[in-house]
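**Student:** There's a structure below that I have some questions on.
The values are calculated or read from the model by the stated rules, or taken from the named source; none is laboratory data. Please read all numbers here as calculations on a predicted model, not as lab measurements. A quick note on method: Cβ atoms are made from the backbone with ideal geometry, for glycine too, and the neighbour counts reach across all protein chains shown.
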């Protein structure tokens, strides 16, 4: 059973090889995962070797490779992109060979998913029952859709607006719900929306 850090290391190595066609070096893994200690990265890599997920060729600069049949395979999180289609006027979808790795859109260190309840963000296209992907953060820019904790008690998903006096407005994207303005010390930013998922089945 891999730890979260070991899973992140494997996912980074997998994504790197799929993008570049060769393995990363330890420094690239450390930078990609925000780990300062190369020793820790080395231990994570050795755990993946012991688990039979990767191989490391001694003496080779980029000696990390995946142990999956005959080389790099399309990840289970990828789907084929078969063309483009206009949303306004019907046109023919043009077949293509490219695959879209959903992991590149949604996955990464410090990310988590929340299920939306209610319709307070409906005019931003975020509906009841949608899943939103959150990048963990303790600060955000004006206009970001954030997870905010109010008075250390109530968490909410709202658009963040900053004011010159330092106060913050948390605005629902629903014209029926008024915005609420708070002193900055009452609001703790916990993350920023970076993706959204919805199933129609």
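**Student:** Name, by its number, the condition in (1) under 20 Å from residue 130 (Cα atoms); (2) touching a strand residue (DSSP E or B) at 6+ places or on another chain (Cβ under 7 Å) that does not hold for residue 174.
**Tutor:** (2) is the only condition that residue 174 fails.
**Student:** State whether the residues of the stretch 35-57 include one that is in contact with a helix residue (DSSP H, G or I) (Cβ under 7 Å, 6 or more places away or on another chain) and farther than 25 Å from residue 111 by Cα.
**Tutor:** Yes, there is a match, as at least one residue in the stretch 35-57 is in contact with a helix residue (DSSP H, G or I) (Cβ under 7 Å, 6 or more places away or on another chain) and farther than 25 Å from residue 111 by Cα.
**Student:** Specify the residue that is nearest to residue 153 (Cα to Cα); the eligible residues are those in the stretch 181-201 that are assigned to a strand (DSSP E or B) and over 21 Å from the mean Cα position of the chain (by Cα).
**Tutor:** Across the stretch 181-201, the extreme among qualifying residues is 187.
**Student:** For the stretch 13-38, how many residues are at pLDDT 90 or above and in a helix (DSSP H, G or I)?
**Tutor:** 9
**Student:** Using the structure shown, decide if residue 162 is free of Cβ contacts under 8 Å to residues at least 24 places away in the same chain and out of contact with any helix residue (DSSP H, G or I) (no Cβ under 7 Å at 6 or more places or on another chain).
**Tutor:** Here the answer is yes, as residue 162 does meet what is asked.
**Student:** Can you confirm whether residue 112 is surrounded by 15 or more Cβ atoms within 10 Å (Cβ to Cβ), within 25 Å of residue 35 (Cα to Cα) and at pLDDT 75 or above?
**Tutor:** no
**Student:** What's the number of the only condition in (1) at pLDDT 90 or above; (2) part of a helix (DSSP H, G or I); (3) surrounded by 16 or more Cβ atoms within 10 Å (Cβ to Cβ) that residue 43 fails to meet?
**Tutor:** So residue 43 meets the others, but not (3).
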